[in-house]
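Data block below; observations after.
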Amino acid sequence: MVMMDVPTKVVYERPAVLDPRVTHYCPGCTHGVAHRLVGEVLEEMGEVGNTIGVASVGCSVFAYNYFNVDFVEAAHGRAPAMATGIKRLLPERTVFTYQGDGDLASIGMGEIVGAASRGELLTVIFINNTNYGMTGGQMAPTTLPGQVTTSSPTGRDVTRQGHPIQTSELLATLEGAAYVVRRSLHNVREVRRAKKAIRTAFEVQKKGLGFSLVELLSTCPTNWGLSAAEAREWVEERMLPYFPLGDYKISPAVAELDL
Amino acid sequence: MAKELIKGNTAVAEAALRAGLEAYFGYPITPQTELLEHLSLRMPELGRVFVQAESELGAINMVYGAACTGKRVMTSSSSPGVSLMMEGLSYIAGTELPAVFVDVVRGGPGLGNIAPAQGDYIQIVHGGGHGDYRVLVLAPASVQEAVDLTGLAFDLAEKYRSLVCIMMDGSLGQMMEPAEIPPMQPLKTEIPDWAVRGTDGGEKRFLTSINLDPPDQERLNYRLMTRWQEIEANEVRYKGYYLDDAEFVVVGFGTAGRVSLSAVRATRDKGIKVGLLRPITLAPFPNAILNELAEKVEGFLVVEMNAGQMLEDVRLVVRGRKPVEFFGRMGGVVPFPDEVLTEIERLTAGPLTTEGHPRDRWLARMAEVLG
């Protein structure tokens, strides 16, 4: 056997902004992917030292443990209000919230609509996995018709339990929202597209163009009762038809952005 | 600076601004709206932050975020709006942040009405939000005092990393009086070490009220409570009137205290030795002076614009050593000095008892008025 001196080329490594700790997220959950994408974007933009994150309540309540940026922890649903307070006083800083669907689209609907309508210069990373993950998989505002959860044990009956909220479509109607898109994390191609959207969202904030939000369809294998691979398929088969991927709001100024 | 005729709400707003307020977040509600309105013009004029929030819930959580930057921030509301803020207040307390809020109390419960009341005493002084925390509560009795306490509120909030409430009532908020507002102070330039601002390559800071490990939470609770002991030792404020030779003492705060003062003066004119203890800090409560008075006077009359909320704090200090009677008007009704005078005369005429509960006796008397 001949030892050869092969020059190494790093093709993949942990972004320095992410803390090298053991994850508390479940196997197959895409929160980790979303964290990484945000971390990569902040590094690529040179924004790590200039950023303040706002964690929410839900599985991502500990998001602040993973990011080596200044962080605060909001009350359930109130991250956009808290972020408003920070951003208004520190307008040169980049401020983002990281919220799940129960947090943002149920208890925090007032705060997200308020922030978006005011055109707050915030970036919102919105994780939609169709259930309350942290508390063990209850019905969320995004739970699909017929979907079984611990609080819709016979499947969500829309006549009794209402219809899922399509958050991006709803927020896109607001003038203050400059950039509202839905992406998914269920395969490599969509992950790459999601990263591009996250980059755009932070650029929109940096350039002062308005409120930006990226909705990310995410997996929750534990509460869906599926394997990691099955969960990714479930996103494709069940979630995509109700939550179509796409650009729901691109303001004229954002459309002119050359990234 | 000359005195000017100014409305209580406006005066507090201008005093806060001149004390270096950098961000205000609020929501309209009567009878405090002039405070928000005044700042909606003045803050942007000075390049400072004013946001009319989507709700009081939004407002207090904006305060929460803004307080994380270590700058001078506040909100204001009236009773129903303050109820909605209780969530955020608990989080602010749990994160040990300095912040000031104003409660211009109105008649309740529920929507109640927009008339002056003091029915929020228990909510503000003894609780409100969930968990173990205390709030410094300042209760002015005039527009000038409200102005003076506003500057103090920010200093105390920062000194103790604590919430400070200026608890007024609808009449103080709405009434116009001559007052002198202090000159404009420069904005604070020192940002405390704990405040978030972006790491700029340095150590990460994070601010939270979550402590999943109970021993960690207990350490926080202990720190909050020992800090409260320090506040109790250093920050009690009250005003005594005719206490030196008083045989009977009226205890009342805010507008009820002010109305009582008129009654006490009228009683003095009749040669009856009555004094007034007007707590300015409702929390910390002026226990020491009350305890001292309990040793030497013959009895107390507590006067409030509620059903006897501070009354329980007075009874706790007096501990049955002397008779304590109560007179209150509720639901936005402000007592007249004559009514208080009648109650003082009843007290001084006797007979006095330390048996039973003063609220029961008061309710029995009220039956003649309201029954």
Fill in the blank from the handout: Restricting to Cα pairs under 8 Å and 6 or more apart, the percent relative contact order of region B:286-371 works out to 30 percent
Completion exercise
For region B:175-190, in residue order, the Karplus 3J(HN,Hα) values (coefficients 6.51, -1.76, 1.60; θ = phi - 60°; whole Hz; Gly and Pro = x) are 7, 9, 9, x, 8, 10, 9, x, x, 4, 8, x, 5, 4, 9, 7
Problem - In sequence order, calculated HN-Hα J values of region B:293-298 (Karplus, 6.51, -1.76, 1.60; Hz; x Gly/Pro) - result: 5, 4, 6, 10, 8, 8
Problem - Residue-normalised accessible area of chain A, given per residue in Å² at a 1.4 Å probe - result: 41 Å²
Problem - Entries in A:Lys196/B:Lys188; A:Lys87/B:Lys7; A:Lys87/A:Lys196; B:Lys270/B:Lys296 that, when Cα-Cα distance is taken, lie over 30 Å - result: A:Lys196/B:Lys188; A:Lys87/B:Lys7
Problem - Difference of contour (0.36 nm per residue) and Cα-Cα distance, B:Ser40 to B:Asp132 - result: 29.7 nm
Problem - Between region B:317-371 and region A:68-147, the Cα center-to-center distance that results, in Å - result: 51 Å
Problem - Interface B:A - total buried accessible surface [probe 1.4 Å, Å², rounded to 100] - result: 2600 Å²
Practice task
Give the long-range amide H neighbours of B:Glu325: residues separated by 5 or more places, or on another chain, with amide H under 5 Å away, using H modelled in the peptide plane at 1.01 Å from N.
Solution key: B:Phe300, B:Leu301, B:Val302
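Let me have the 222 nm mean residue ellipticity of chain B computed from DSSP H runs of 4+ only, each contributing -39500 (n - 2.57), with the sum over all residues rounded to the nearest 500.
Values: 13 runs with 163 residues, N = 371.
Roughly -14000 deg cm²/dmol at 222 nm, from the helical runs in chain B.
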Problem - Charge tally in the Cβ shell below 13 Å around A:Pro244, where Lys, Arg are +1 and Asp, Glu are -1, A:Pro244 excluded - result: -2
Handout entry: Surface share of carbon and sulfur [accessible, 1.4 angstrom probe, percent] for chain B
Key = 53 percent
Problem - Net charge of neighbours whose Cβ lies under 14 Å from the Cβ of A:Asn68, counting Lys and Arg as +1 and Asp and Glu as -1 - result: -2
Problem - Amide H contacts of B:Asn113 (H built 1.01 Å from N, under 5 Å, at least 5 apart or other chain) - result: B:Gly107, B:Gly108
Handout entry: Summed side-chain charge close to B:Gly151 - residues other than B:Gly151 whose Cβ falls under 14 Å, Lys, Arg +1, Asp, Glu -1
Key = -1
Problem - Rough spin-label spacing in nm, given labels placed 7 Å along Cα→Cβ, for B:Lys296 and A:Thr8 - result: 8.3 nm
Exercise for the section: First check a/c for chain A, with a ≥ b ≥ c the square roots of the eigenvalues of its C-alpha gyration tensor; if it is under 1.5, answer rounded, and if not, answer prolate when a/b is larger than b/c or oblate otherwise. Expected result: oblate
Handout entry: Residues along region B:188-223 losing 10 Å² or more of accessible surface when the other protein chains are present rather than the chain by itself (probe 1.4 Å)
Key = B:Val196, B:Arg197, B:Gly198, B:Thr199, B:Asp200, B:Lys204, B:Arg205, B:Phe206, B:Leu207, B:Thr208, B:Ile210, B:Leu212
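With a probe of 1.4 Å, find how much accessible area chain B has per residue, and write the answer as a whole number in Å². Don't skip to the end; give the middle numbers.
On the way: 14430 Å² over 371 residues.
Here the per-residue accessible area is 39 Å².
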Handout entry: Reach of B:Lys3 by Cα under 16 Å, taken over lysines that are not fewer than 8 positions away in the same chain
Key = none
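Would you work out if chain B is rounded, prolate or oblate? Take a ≥ b ≥ c from the square roots of the eigenvalues of the alpha-carbon gyration tensor; rounded if a/c is under 1.5, else prolate when a/b is larger than b/c, oblate otherwise.
Since a/c reaches 1.5 and a/b is larger than b/c, the shape of chain B is classed as prolate.
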Handout entry: Per-residue average of Cβ from other chains inside 10 Å of B:50-61
Key = 6
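Can you give me the orientation-averaged projected area of the convex hull built on the Cα atoms of the protein assembly as shown, in nm²?
Here the figure is 35.6 nm², rounded to one decimal.
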Handout entry: Heavy atoms of A:Val54: accessible area, 1.4 Å probe, square angstrom to 10
Key = 0 Å²
Exercise for the section: Taking the Cα centre of chain A as origin, sum charge times position over the Cβ atoms of Lys and Arg (+1) and Asp and Glu (-1), and report the length of that vector in debye to the nearest 20. Expected result: 100 debye
Handout entry: Amide H partners (placed H, <5 Å) of B:Met168, local residues excluded
Key = B:Asp103, B:Val104, B:Val105
Problem - Per-pair calculated FRET efficiency, R0 = 30 Å: B:Leu111 and B:Thr353 via Cβ, rounded to 0.05 - result: 0.20
Fill in the blank from the handout: Under the Karplus relation with 6.51, -1.76 and 1.60 and θ = phi - 60°, whole-Hz ³J(HN,Hα) for region A:248-256, x at Gly and Pro, equal 8, 8, 10, 5, x, 5, 5, 4, 7
Fill in the blank from the handout: In short, region A:83-113 residues buried by 10 Å² or more of accessible area relative to the isolated chain (1.4 Å probe) are A:Thr84, A:Gly85, A:Ile86, A:Arg88, A:Leu89, A:Leu90, A:Arg93, A:Gly110, A:Glu111
Handout entry: region A:1-78: GluC sites (Glu not before Pro) falling in loop per DSSP and having at most 12 other Cβ within 10 Å
Key = A:Glu13
Practice task
Could you tell me which of rounded, prolate or oblate describes region B:1-127, using a ≥ b ≥ c as the square roots of the eigenvalues of the alpha-carbon gyration tensor, with rounded for a/c under 1.5 and, failing that, prolate when a/b is larger than b/c and oblate otherwise?
Solution key: oblate
Handout entry: Whole-Å distance, taken between Cα centres, linking region B:59-104 and region A:7-41
Key = 36 Å
Exercise for the section: Calculate the length of the line joining the C-alpha centroid of region B:262-278 to that of region B:6-38, in whole Å. Expected result: 35 Å
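Whenever you get a sec, compute what percent of the accessible area on chain A sits on carbon and sulfur atoms (1.4 Å probe).
Values: 5910 of 10570 Å².
Reported share for carbon and sulfur atoms: 56 percent.
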Problem - Solvent-accessible surface ranking, highest first, for A:Ser227, B:Ser55 at 1.4 angstrom - result: A:Ser227, B:Ser55
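The values are calculated or read from the model by the stated rules, or taken from the named source; none is laboratory data. Predicted, not measured: the structure shown is a model, and the values here were computed from it. Cβ coordinates were reconstructed from backbone atoms using ideal geometry, including for glycine residues, and neighbour counts include every protein chain displayed. Note: accessible area is taken over every heavy atom of the protein model, side chains too, but ligands, DNA and RNA are not part of it. Shrake-Rupley method; radii C 1.70, N 1.55, O 1.52, S 1.80 Å.
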